[in-house]
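Asks: Dumping the structure here so I can ask a few things about it.
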Amino acid sequence: MQFKKTIIVAAAASLVQAEEVHLRVKSDNSEINGNSLGFPHSGAGINYAFLGTSGQTQALDYDESEGTLKGSETGSFPQVLGVSGHFVDLGVLDPNGKWSFEGNTLQFNGTADNFYACKNTGDPYNYSSRSYQLVHYKADAPEGCLSLTLVKDGESPSGSSTTARPTSTAGPSSSLVPTDSVSSATFIDGAAQYAPGAFAVAAGFVAALL
């Protein structure tokens, strides 16, 4: 009986710890300021983060004690928000750091800096040819990338809170695929600036695990 009580208390505590959050972009650049985030399917167990203007922003579960942000709808392998190389993604690999909030501003490993929106990154489905991809650089971000921070949606600079919650799908036809085309600087030999082969290596590693 005591064991059952312990399980119930532990389960209740985990529910209290988790907070559902929706992230939105804050930037001095009006082109991306107020953009939402989506995580379209990008490979085996990988969903890279992209900016959109549809008003929909995907829900994430924030656990302050663990410093994690997880996808609200997960399968056998829970997906956590992390940084792989320079790419922000929902995936099954180690997130490579801890998430926290300073007020309503998201921090990764203690800082809200180092986030950028970039195009033509060489992502597997070429979403970044028409939509900005969320990346993380401690220094020397590629030319043309736009600096930003991430905030809880309720405090978004656009002043509108969204309630729509995209559903996840298994392929590039996902409703989360960015559809809003926005103009930006393009990069010469863009894929080479983003660690050649990084996408293939990550996808291959995850596929081996599965």
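Asks: Condition (residue is modelled with pLDDT of 95 or more, in a loop (DSSP other than H, G, I, E, B) and under 10 Å from the mean Cα position of the chain (by Cα)) applied to the range 60-70: is it met by at least one residue?
Replies: Within the range 60-70, none of the residues are modelled with pLDDT of 95 or more, in a loop (DSSP other than H, G, I, E, B) and under 10 Å from the mean Cα position of the chain (by Cα).
Asks: Okay, moving on. Being surrounded by 23 or more Cβ atoms within 10 Å (Cβ to Cβ), touching an Asp or Glu at 6+ places or on another chain (Cβ under 7 Å) and assigned to a loop (DSSP other than H, G, I, E, B) is the filter here, so list the residues in the range 105-135 that pass it.
Replies: Within the range 105-135, just SER131 meets the criteria.
Asks: Another question, if that's okay. Name the single residue, out of those in the range 89-104 being aliphatic (A, V, I, L, M) and part of a loop (DSSP other than H, G, I, E, B), that is surrounded by the most Cβ atoms within 10 Å (Cβ to Cβ).
Replies: Restricting to residues being aliphatic (A, V, I, L, M) and part of a loop (DSSP other than H, G, I, E, B), the top hit is VAL92.
Asks: Then there is this: Can you find even one residue in the range 79-93 that is among the acidic types (Asp, Glu) and more than 12 Å from the chain's Cα centre (by Cα)?
Replies: no
Asks: Please identify the pairs in which a residue from the range 42-58 that is in contact (Cβ under 8 Å) with a residue 40 or more places away in the chain and part of a loop (DSSP other than H, G, I, E, B) has its Cβ atom under 9 Å from the Cβ atom of a residue that is among the acidic types (Asp, Glu) and buried (at least 24 other Cβ atoms within 10 Å of the Cβ), counting only partners at least 6 apart or on another chain.
Replies: From residues that are in contact (Cβ under 8 Å) with a residue 40 or more places away in the chain and part of a loop (DSSP other than H, G, I, E, B), the pairs are ALA49/ASP89.
Asks: Next question, about the same structure. Just for the range 55-82: of the residues that are crowded, with 21+ Cβ neighbours inside 10 Å and among the β-branched types (Val, Ile, Thr), which one is farthest from ASN35 (Cα to Cα)?
Replies: By that ranking, first place goes to VAL80.
Asks: Only one of (1) at pLDDT 95 or above; (2) buried (at least 18 other Cβ atoms within 10 Å of the Cβ) is not met by GLY52, so which one is it?
Replies: Here GLY52 clears every test but (1).
Asks: A further question follows. Run ILE46 past the list (1) modelled with pLDDT of 95 or more; (2) within 24 Å of GLU19 (Cα to Cα); (3) surrounded by 22 or more Cβ atoms within 10 Å (Cβ to Cβ); (4) not aromatic (Phe, Trp, Tyr) and report the number of the one that doesn't hold.
Replies: Checking ILE46 against (1) modelled with pLDDT of 95 or more; (2) within 24 Å of GLU19 (Cα to Cα); (3) surrounded by 22 or more Cβ atoms within 10 Å (Cβ to Cβ); (4) not aromatic (Phe, Trp, Tyr), the one that fails is (1).
Asks: Another one. From the list LEU69, LEU93, exactly one residue is of a type in the set (A, V, I, L, M, F, W, C) and more than 17 Å from VAL151 (Cβ to Cβ). Which is it?
Replies: LEU93
The values are calculated or read from the model by the stated rules, or taken from the named source; none is laboratory data. Not measured: the values here are computed from a predicted model. Ideal geometry is used to build each Cβ from the backbone, glycine not excepted, and the neighbour counts take in all protein chains shown.
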